[in-house]
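All remarks here apply to the structure that follows.
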Amino acid sequence: MTALDPPDAGLGTPSRTAEPDTDPASDRTGDTILGRRHRALTLGIVTVVSLIAFEASAVNTAMPIAARALDGVELYAYAFSAYFTASLFAMALSGEWCDRKGPLTPLFSGIVAFGAGLLIAGTAQRMWMFVGGRAVQGIGGGLVIVALYVVVGRAYPPRLQPAVLASFSAAWVLPVIVGPLIAGTITEQAGWRWVFLSIPVLVLPPLAVMLSALRTLPPGGRSPAMNGRRILLALAVACGAGLLQYAAQDLAWYSLLPAAAGLALLVPCVLRLLPAGTFRAARGLPSVVLLRGVAAGAFLGAESFVPLMLVTQRGLSPTAAGLTLAGGGLTWALGSYTQSRARLEPYRERLMGLGMLLIAAAIALVPLALAGSVPVWTVAVAWTVGGYGMGVTISSASVLMLKLSGPDDAGSNSSSLQVSDALGNITLVGLSGVLFVAFGGAAIAPAHPTAAAPAVPSSHPAAFAAVYAAMATVALVGAWVTTRLRPGPVKR
């Protein structure tokens, strides 16, 4: 794009259909995200995010039983990271697609792919098929999340964007409360497969709610051609990450070959895909992008193993184990609401630093529950603290990205933010999986496929402790990155 493009061509600026402040005759009821002008779109966005949130909370609850039923505990981490590996490619594709053609098609295509992945996972007979279904879900999720950010930038004026982003987190509140309870009950009474097979019926309502509002958005940029180089780079990164994950399944000498090939694809392509200076935490946008990956990856790398730890080490039911994470979803929404307050805008970077420290503290507290004398509710308390830190940090990173983006690079910057998120999840969840297996976690015995609640096997606390120690350390590194978020002085 060029400087001659209209101001509504990018994510960081409002569209012509979303400028109530400049029209004296505008209806003032349209000046909020639930006002007449924006109500349908806001409700549609919240519905889509709620669908994704319910899936995430439900899958976290059912995953320990699914992995053990399919005799695939050693691939447990890859059932999570496969989602983000596939979504990484889809995010780059969605960013280019949205910038050129608008967000309507990638958004709806992503919702369909998301539902198809759930059906594949729910009918899987082998763990590798289950992981493949999660990858298809990742393609759908990657298309959707970038398209939603583009919708926010084009349909809402800048002063409403923090509130919309806060609604993203608020949309997680009800799903994280009812998700574990519903998923746990279904898993114990009907089987884990129905957790995945029942969610696709929720795909249709968002399509109906959002369609009319999305059709009023302006089209994409002037150029009909997408940046094929950026899409190929993302594909190479996803393939490289997949090779590294494959190599990490077996820590033997012959794993060095796929590991080397993965690194050869991953490193140079990532350096070109993200803003220059991202991995050295250059001030401004590069550090914002880096922090998003560090925060998301550290939190998910730890969270993925919480239900498995509580089921296998403390003998909890899937429902009870999943419910320990519910408080984190509530405080995540509260943290997102906190950062959206206008009076806190001058302190945004400090809030993000505090958020990362809270995340590190929460992760460090979780392994205390490996000791039988420590009550299990310690995990719930810790995750409540960590969720608040994530709400403050993740939503603030999105706000800073919007602020630092121009009208011509907003789609690609949004894509970079989400690519960093996915890459952080892939890398750090994968690292968690490697540490888990290296410290004996794969020895956890599989349950009988028809068992509703597995028997507690022999204890392997070191495998879980290694995961949490590593992720807490990464979160502390993220706290340092928050000191680099303000752009440096412009050189003349």
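Descriptive notes on the structure:
- Search result, residues across the range 28-52 that are open to solvent by less than 10 Å² (accessible area, probe 1.4 Å) and without any contact (Cβ under 8 Å) to a residue 24 or more places away in the chain: 30, 35
- Criterion: open to solvent by 20 Å² or more (accessible area, probe 1.4 Å), out of contact with any strand residue (DSSP E or B) (no Cβ under 7 Å at 6 or more places or on another chain) and over 30 Å from residue 238 (Cβ atoms) - qualifying residue of 404, 351: 351
- Inside the range 249-297, residues that are touching a helix residue (DSSP H, G or I) at 6+ places or on another chain (Cβ under 6 Å) and of a type in the set (D, E, K, R) make up a count of 3.
- For the range 135-179, the tally of residues that are closer than 29 Å to residue 245 by Cα and among the β-branched types (Val, Ile, Thr) stands at 6.
- Matching residues in the range 176-185 - criterion: being modelled with pLDDT of 75 or more and open to solvent by 10 Å² or more (accessible area, probe 1.4 Å): 178, 181, 182, 185
- Among the residues making up the range 122-140, those that are among the polar types (S, T, N, Q) and open to solvent by 10 Å² or more (accessible area, probe 1.4 Å) are 123, 125.
- Residue 199 being free of Cβ contacts under 8 Å to residues at least 40 places away in the same chain and farther than 21 Å from residue 415 by Cβ: no
- Hits in the range 74-116 (condition: surrounded by 23 or more Cβ atoms within 10 Å (Cβ to Cβ) and not in a helix (DSSP H, G or I)): 103
- Of 213, 171, 234, all but one fail to be at pLDDT below 80, of a type in the set (A, V, I, L, M) and open to solvent by 10 Å² or more (accessible area, probe 1.4 Å); the exception is 213.
- Just so you know, in the range 311-325 the residues that are surrounded by fewer than 24 Cβ atoms within 10 Å (Cβ to Cβ) and not polar (S, T, N, Q) include one that is modelled with the lowest pLDDT, and it is 323.
- Just so you know, in the range 255-280 the residues that are of a type in the set (Gly, Ala, Ser) and open to solvent by less than 20 Å² (accessible area, probe 1.4 Å) include one that is farthest from residue 405 (Cα to Cα), and it is 255.
- Criterion: open to solvent by 30 Å² or more (accessible area, probe 1.4 Å) and at pLDDT 85 or above - qualifying residue of 143, 119: 119
- Scanning the range 230-288 for residues that are of a type outside the set (Gly, Ala, Ser) and more than 26 Å from residue 433 (Cβ to Cβ) gives 230, 231, 232, 272, 275, 280, 283, 285, 286, 288.
- Residue 55 being open to solvent by 40 Å² or more (accessible area, probe 1.4 Å), among the charged types (D, E, K, R) and either touching a Phe, Trp or Tyr at 6+ places or on another chain (Cβ under 7 Å) or touching a residue at least 40 places away in the same chain (Cβ under 8 Å) (or both): no
- Test: residue 411 is at pLDDT below 80 and surrounded by 24 or more Cβ atoms within 10 Å (Cβ to Cβ): yes
- Residue selected from the range 237-254 under the condition open to solvent by less than 80 Å² (accessible area, probe 1.4 Å) and not aliphatic (A, V, I, L, M), by the criterion modelled with the lowest pLDDT: 250
- Listed conditions (1) of a type outside the set (Val, Ile, Thr); (2) under 19 Å from residue 167 (Cβ atoms); (3) surrounded by 24 or more Cβ atoms within 10 Å (Cβ to Cβ) are all met by residue 382, apart from (2).
- Among the residues of the range 274-322, those identified as in a helix (DSSP H, G or I), under 22 Å from residue 73 (Cβ atoms) and among the aliphatic types (A, V, I, L, M) are 300, 302, 306, 308, 309, 310, 311, 320, 321.
- Pair list, Cβ < 6 Å and 6+ apart or interchain, from the range 265-283 residues that are among the basic types (Lys, Arg) to residues that are in a helix (DSSP H, G or I) and crowded, with 21+ Cβ neighbours inside 10 Å: 272/233
- Residues in the range 189-210 include at least one that is in contact with an Asp or Glu (Cβ under 6 Å, 6 or more places away or on another chain), open to solvent by less than 10 Å² (accessible area, probe 1.4 Å) and under 24 Å from residue 421 (Cβ atoms).
- Residue within the range 329-337 that is at pLDDT below 90 and over 19 Å from the mean Cα position of the chain (by Cα) present: no
- The lone exception for residue 419 - which of (1) modelled with pLDDT under 90; (2) open to solvent by 10 Å² or more (accessible area, probe 1.4 Å); (3) among the β-branched types (Val, Ile, Thr) it fails: (2)
The values are calculated or read from the model by the stated rules, or taken from the named source; none is laboratory data. For clarity, every value in this text was computed on a predicted model and none was experimentally measured. Don't worry about glycine lacking a Cβ; one is built from the backbone with ideal geometry, like all the others, and counts go over all protein chains shown. Each accessible area value is taken on the protein alone, full model and side chains, heavy atoms only, with ligands, DNA and RNA left out. Shrake-Rupley method; radii C 1.70, N 1.55, O 1.52, S 1.80 Å.
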